[in-house]
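Reading through the structure tokens given below for one structure.
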Amino acid sequence: MVISGPVGAGKSTLAARIAQLHEALHIRTHDLMEEHALAYGDGLAAERRAFQEYGDRLDQQTQGGWVAEGVARSLDEATRSVSPSELVIIDAVREHRQVERLREAFGARVTHVHLKAPHGVLAKRYLDRGNSSGMVELASYDEVASNRTEAAVSDLEADADLVIDTDRNSVRDVATRVAAGLGLYASRDDRLVDVLIGAQYGSEGKGNIAFYLAPEYDVLMRVGGPNAGHKVPLPTPYTHRLLPSGTQSNMDAAIVIGPGATLDGDLLLKEIAECSVDVDRLFIDPQAMIIEQEDLDTEQRLVTGIGSTGKGGGAAAARRILGRNADGVSTPVRLARDTPELRPYLKPSFDVLDRAFARGQRVLLEGTQGTALSIFHGHYPHVTSRDTTTAGTLAEAGIGSHRLRRTVIVARTYPIRVKNPEGATSGPMSQEISWQDIAVRSQVPLDELLRQEKGSVSHNQRRVAEFDWDLLRRAAELNGATDVALTFTDYLDVRNREARRYEQLTPSTIEFVEEVERVAGVPASLLGTRFDVRSVIDRRRW
């Protein structure tokens, strides 16, 4: 990308923004002139007029070729860190001959962007900038424009591939138009996002499945809040409350927390430290909501009322709505952008995802809780504070439905809900049974079941029920399922723990899987046999 335009048109601002958003190599002709002067022993004062005159002399001596030569040198020096396919920004050219020599050297890869603005606007911008450019500036814009080359810069508009009036566009508008003109954005047809959604009441084993899938993705993203725990099969099992479950199974993937998240700041920082997440790997959207002590206090009555985990996510979400008017809440709304401890991680998730999509990178979006806990589609009032379906998950993440490739709903062979020890019901389930029933059917020891089947956040004993076929069908339809991940097949028969291939499952289990596929209308592509790093039988065709 070669930028031209008069002084004050916004060339350096554009170059810096594009370089930041799209990780381009930013080459300044100002620096090329300094390098040339140093190499040839020419004196070059840090003054606007001196640079104008030195550039004119170089153009005359090289017929404008010094810019192309300097760019070639810079690229040679950068070959270890910049691949030929990456974007290079040349900031900026002042003469038609400079553009011609660049086109001769780099051919059709050169895109010439010309920025302009009315004379009065340019003059005001020049006065406002003072000496912020790092050199001694002239007294007025008219003095700048008195240079013969500078006065003719506007003639480059006719040669340019893209011309933008920066007086009629914001900084973001200019960068957006240029990026679109350079083809830096992903095609709308690129479906790069796979979503993992709970099909029942949560605790379906999403963590285990996400941990298994994570190495295939470039970006891992999770929504929701700290009220959901996703346990992963590390040598010492670990429960993620806010970070994606694949954080430690794919250490190279970027981690994103979207604008719809509700965050416990202390818990998040603790999890970041425990998982050794570097600051340049995690991106937290500035719009994410912070849970306050008031939210935790507010939810305590829900613990005994509907079996809530009481972690403050719902109260924080409500306060976010009411807090649009400061008089509507007693504790002011605090977002991630207002939290100093999170400042090093802040970056709009839209920008992170936009860059990932432009590079063709794949994203695993991990939902939390389950479809039957959706505030809209669950059995009210025994529901969570958010929509837990694909649509709600995409909305919280800030991802358009056109990016969606696969939707994997996770269902366990016996759905569970938390049992509150204080007597509160956590909501209805179809055909509730006992863990003794599961132990007899599966031959998994009862004490093992009772030990394992406790809420990963509440630590309360779970209730269990027969597989809900009608709920499976609803979940598949509500979420637009393309696949089912069926977990806890060992609860059908403990012998399934030894299975490494589909045909090694017991015959009755295979019949169960086939029935799941008929009812859901999609393949059961992933089968969990136990809680272990090698617990997934992978039947995918994608």
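The values are calculated or read from the model by the stated rules, or taken from the named source; none is laboratory data. In this text the structure is predicted, and so the values were computed from the model without any measurement. All Cβ positions, glycine included, derive from the backbone under ideal geometry; neighbour counts span all protein chains shown.
For the reader, a short list of remarks on this structure follows.
- Pair list, Cβ < 6 Å and 6+ apart or interchain, from region 506-519 residues that are among the hydroxyl-bearing types (Ser, Thr, Tyr) to residues that are part of a helix (DSSP H, G or I): THR506/ARG495; THR509/THR489; THR509/ASN496
- Members of region 269-289 found to be aliphatic (A, V, I, L, M), touching a helix residue (DSSP H, G or I) at 6+ places or on another chain (Cβ under 7 Å) and surrounded by 18 or more Cβ atoms within 10 Å (Cβ to Cβ), listed by number: LEU282, ILE284, ALA288, MET289
- Restricting region 148-160 to residues that are surrounded by 13 or more Cβ atoms within 10 Å (Cβ to Cβ) and of a type in the set (Asp, Glu) leaves a set whose member that is farthest from the chain's Cα centre (by Cα) is GLU150.
- Among (1) over 23 Å from SER525 (Cα atoms); (2) free of Cβ contacts under 8 Å to residues at least 40 places away in the same chain, the one test that LEU346 misses: (2)
- Among residues of region 55-73, those that are over 17 Å from MET1 (Cα atoms), touching a residue at least 40 places away in the same chain (Cβ under 8 Å) and crowded, with 18+ Cβ neighbours inside 10 Å, counted: 2
- Which numbered condition ARG530 fails, given (1) touching a residue at least 60 places away in the same chain (Cβ under 8 Å); (2) out of contact with any Pro (no Cβ under 7 Å at 6 or more places or on another chain); (3) within 22 Å of SER434 (Cβ to Cβ): (1)
- Total residues in region 120-135, condition of a type outside the set (A, V, I, L, M), farther than 18 Å from GLN52 by Cβ and surrounded by 14 or more Cβ atoms within 10 Å (Cβ to Cβ): 1
- Residue satisfying condition, being in contact with a Lys or Arg (Cβ under 7 Å, 6 or more places away or on another chain) and closer than 20 Å to VAL178 by Cα, within set ALA68, ALA19, ALA15, ALA9: ALA9
- Residue within region 215-227 that is within 21 Å of ARG191 (Cα to Cα), assigned to a helix (DSSP H, G or I) and over 13 Å from the mean Cα position of the chain (by Cα) present: yes
- Residue match in region 257-271 (condition: in the same structural domain as SER385 (by TED's automatic domain parsing), touching a Lys or Arg at 6+ places or on another chain (Cβ under 6 Å) and not in a helix (DSSP H, G or I)): no
- Scanning region 426-440 for residues that are outside any helix (DSSP H, G or I) and surrounded by 18 or more Cβ atoms within 10 Å (Cβ to Cβ), we see that the one that is modelled with the lowest pLDDT is SER426.
- Tally of residues being surrounded by fewer than 18 Cβ atoms within 10 Å (Cβ to Cβ) and among the charged types (D, E, K, R) across region 225-268: 2
- Test result for GLY55, at pLDDT 95 or above and over 30 Å from ARG355 (Cβ atoms): yes
- Region 466-497: number of residues that are touching a Leu at 6+ places or on another chain (Cβ under 7 Å) and hydroxyl-bearing (Ser, Thr, Tyr): 1
- For region 276-285, the criterion of being over 30 Å from GLY400 (Cα atoms), modelled with pLDDT of 90 or more and not basic (Lys, Arg) is met by at least one residue.
- Filter pass, GLU150 being modelled with pLDDT of 95 or more, touching a Ser or Thr at 6+ places or on another chain (Cβ under 9 Å) and farther than 21 Å from ALA358 by Cβ: no
- Of the set (1) in contact with a strand residue (DSSP E or B) (Cβ under 8 Å, 6 or more places away or on another chain); (2) surrounded by fewer than 18 Cβ atoms within 10 Å (Cβ to Cβ), all apply to ASN479 but (2).
- Filtered residue count, region 431-460, keeping only those that are without any contact (Cβ under 8 Å) to a residue 60 or more places away in the chain and among the small types (Gly, Ala, Ser): 3
- Residue within region 161-174 that is among the charged types (D, E, K, R), surrounded by 20 or more Cβ atoms within 10 Å (Cβ to Cβ) and either over 30 Å from THR413 (Cβ atoms) or not assigned by TED's automatic domain parsing to the domain that holds LEU364 (or both) present: no
- Of all residues in region 140-187, those satisfying the criterion of being under 30 Å from ARG403 (Cα atoms) and in a helix (DSSP H, G or I) are VAL171, ARG172, ASP173, VAL174, ALA175, THR176, ARG177, VAL178, ALA179, ALA180, GLY181.
- Within the set THR388, THR331, the sole residue that is of a type in the set (Val, Ile, Thr) and at pLDDT 95 or above turns out to be THR388.
- Residue match in region 509-521 (condition: among the acidic types (Asp, Glu) and either surrounded by 20 or more Cβ atoms within 10 Å (Cβ to Cβ) or within 16 Å of THR407 (Cβ to Cβ) (or both)): yes
- Exactly one residue out of ARG97, ARG17, ARG101, ARG73 is part of a helix (DSSP H, G or I), under 30 Å from PHE350 (Cβ atoms) and of a type in the set (Lys, Arg): that is ARG17.
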